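Enquirer: For reference, the structure I am asking about is given below.
The values are calculated or read from the model by the stated rules, or taken from the named source; none is laboratory data. None of the values given here were measured: they were computed from a predicted structure. Methodologically, a virtual Cβ is constructed for each residue, glycine included, from the backbone with ideal geometry; neighbour enumeration extends over all protein chains shown. To get the accessible areas, we keep the full protein, side chains included, count just its heavy atoms, and leave off ligands, DNA and RNA. Shrake-Rupley method; radii C 1.70, N 1.55, O 1.52, S 1.80 Å.
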Amino acid sequence: MSDSLNLPEAPRSGAAAPQSSHVPGVSVRHSRAKGEPRFPDGPRADPAGSHFERRIRSFQPRRSRVTAGQADALQRLWPQWGLDIDGRQVIDLGELFGNDKPVVLEIGFGMGEATAQMAAGDPDTNILAVDVHTPGQGNLLNLAEQNGLSNVRVANGDAIILLREMLRPDSLDGLRVYFPDPWPKKRHHKRRLIQPEFLTLAATRLKPGAIVHCATDWEPYAEQMLEVLAAHPDFENTQADGGFAPRPEFRPLTRFEGQGLDKGHVVNDLLFRRVPHQQQ
């Protein structure tokens, strides 16, 4: 496994985007030949392939229409701002972002509106945003370009492989998991992301003092998150009462969240801190 991932430099403000054969306004779905990759210069369909063990996953790829604007962003911007999670190389985050600013990992960003708002509100923090939803990847790239956000990188694939195989110990300054799939049926609870094993892995990549911030509108999942995080020896609750936290100002109120609140849903935030490493 190599020491770093050789990626292009972060695009400079005003720099010309790389040329692409994709014609803006033309749907990739209808213009590609049979057997041709959906996005030749964009994210791969299954970047890790069969190189890693089969296991229960917390996510399920969704197939939905990619707009012409999203397709254009994927074709043009992926070589600069995108990362396929293939599990074969260790990332140098300084090279990936072109600076040594703190890096926060966000797992599951939907259509990317909240991620773009947080990146714009805190330009001194880099956000490595992971998802498998292709329209969302294209939308976030679009938002990053439109708003001049050089502190966003979009990763495609399994966040577990990213954490375990591609990130160095103590390389992250924070972890955000907003509105993950609650897998409400009891037989599916094993698919939930926030589990002791996941937290143990994440703790190895988080610096002491790094914040894990989770949010969900599914109350039973919120209670499980609180129980699992509170019981884990590598994390401590930032709330003196040991409960949920008020929504911090830096986390935007998303359209999805607003719709849930209108229906009477209760949204819970959890803010836990990575404790200092235990002395051997």
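Enquirer: Can you go through L253, L271 and tell me which one is open to solvent by 90 Å² or more (accessible area, probe 1.4 Å) and either part of a loop (DSSP other than H, G, I, E, B) or closer than 24 Å to P169 by Cβ (or both)?
Expert: On inspection, the qualifying residue turns out to be L253.
Enquirer: Would you mind finding the one in E236, E197, E145 that is in a helix (DSSP H, G or I), over 30 Å from A73 (Cα atoms) and of a type outside the set (A, V, I, L, M)?
Expert: From the options E236, E197, E145, the qualifying one is E197.
Enquirer: Among the residues that make up region 60-76, is at least one of them of a type in the set (A, V, I, L, M) and closer than 26 Å to K190 by Cα?
Expert: The first filter runs over region 60-76 and keeps only residues of a type in the set (A, V, I, L, M), leaving 66, 68, 71, 73-74.
Remaining after also requiring closer than 26 Å to K190 by Cα: none.
No, there is no match, as no residue in region 60-76 is of a type in the set (A, V, I, L, M) and closer than 26 Å to K190 by Cα.
Enquirer: OK, next. For residues that are small (G, A, S) and in contact with a strand residue (DSSP E or B) (Cβ under 7 Å, 6 or more places away or on another chain), scanning just region 144-166, find the one that is surrounded by the fewest Cβ atoms within 10 Å (Cβ to Cβ).
Expert: The first filter runs over region 144-166 and keeps only residues small (G, A, S), leaving 144, 148, 150, 155, 157, 159.
With in contact with a strand residue (DSSP E or B) (Cβ under 7 Å, 6 or more places away or on another chain) added as a condition, the list becomes 144, 155, 157, 159.
Values: A144: 26, A155: 26, G157: 22, A159: 26.
Ranking the candidates gives G157 first.
Enquirer: Can I ask one more? If you scan region 196-214, which residues turn out to be within 23 Å of P252 (Cα to Cα) and open to solvent by less than 10 Å² (accessible area, probe 1.4 Å)?
Expert: Once the filter is applied, which keeps residues that are within 23 Å of P252 (Cα to Cα) and open to solvent by less than 10 Å² (accessible area, probe 1.4 Å), region 196-214 yields A210, V212, H213, C214.
Enquirer: Go through region 174-188 and give me each residue that's open to solvent by 50 Å² or more (accessible area, probe 1.4 Å), touching a residue at least 12 places away in the same chain (Cβ under 8 Å) and more than 16 Å from D131 (Cα to Cα).
Expert: Within region 174-188, P184 is the sole residue that qualifies.
Enquirer: Can you find even one residue in region 81-96 that is open to solvent by 30 Å² or more (accessible area, probe 1.4 Å), in contact with a Ser or Thr (Cβ under 7 Å, 6 or more places away or on another chain) and within 20 Å of K207 (Cα to Cα)?
Expert: Scanning region 81-96, I find at least one residue that is open to solvent by 30 Å² or more (accessible area, probe 1.4 Å), in contact with a Ser or Thr (Cβ under 7 Å, 6 or more places away or on another chain) and within 20 Å of K207 (Cα to Cα), so the answer is yes.
Enquirer: Can you name the number of the only condition in (1) touching a residue at least 12 places away in the same chain (Cβ under 8 Å); (2) open to solvent by 40 Å² or more (accessible area, probe 1.4 Å); (3) not hydrophobic (A, V, I, L, M, F, W, C) that D100 fails?
Expert: The number of the failed condition is (1).
Enquirer: For residues that are open to solvent by less than 10 Å² (accessible area, probe 1.4 Å) and among the hydrophobic types (A, V, I, L, M, F, W, C), scanning just region 128-143, find the one that is farthest from the chain's Cα centre (by Cα).
Expert: Going through the qualifying residues, I end up with L141.
Enquirer: Right, here's the next one. Pairs only if they're at least six apart or on different chains, beta carbon under 6 angstrom, first in region 242-256 and closer than 13 Å to C214 by Cα, second assigned to a loop (DSSP other than H, G, I, E, B); list them, first residue then second.
Expert: Close Cβ pairs (under 6 Å, with a partner that is assigned to a loop (DSSP other than H, G, I, E, B)) amount to A245/Q239.
Enquirer: So which of R65, R76 is over 22 Å from L206 (Cα atoms), surrounded by fewer than 23 Cβ atoms within 10 Å (Cβ to Cβ) and at pLDDT below 95?
Expert: R65
Enquirer: Among the residues of region 79-121, count how many are among the aromatic types (F, W, Y) and assigned to a loop (DSSP other than H, G, I, E, B).
Expert: 1
Enquirer: Quick test for you: out of A114, A144, A119, pick the one residue that is within 25 Å of D46 (Cα to Cα), among the small types (G, A, S) and modelled with pLDDT of 95 or more.
Expert: Numbers: A114 fails: within 25 Å of D46 (Cα to Cα); A119 fails: within 25 Å of D46 (Cα to Cα).
Exactly one residue qualifies, and that residue is A144.
Enquirer: Here is a follow-up. Condition test on A45, is it in a loop (DSSP other than H, G, I, E, B) and either of a type outside the set (V, I, T) or at pLDDT 95 or above (or both)?
Expert: Yes; evaluated as a whole, the condition is true for this residue.
Enquirer: Let me ask something else. Those residues that are without any contact (Cβ under 8 Å) to a residue 60 or more places away in the chain, of a type in the set (A, V, I, L, M) and assigned to a strand (DSSP E or B), I need them from region 200-233; list them, please.
Expert: Within region 200-233, just A215 meets the criteria.
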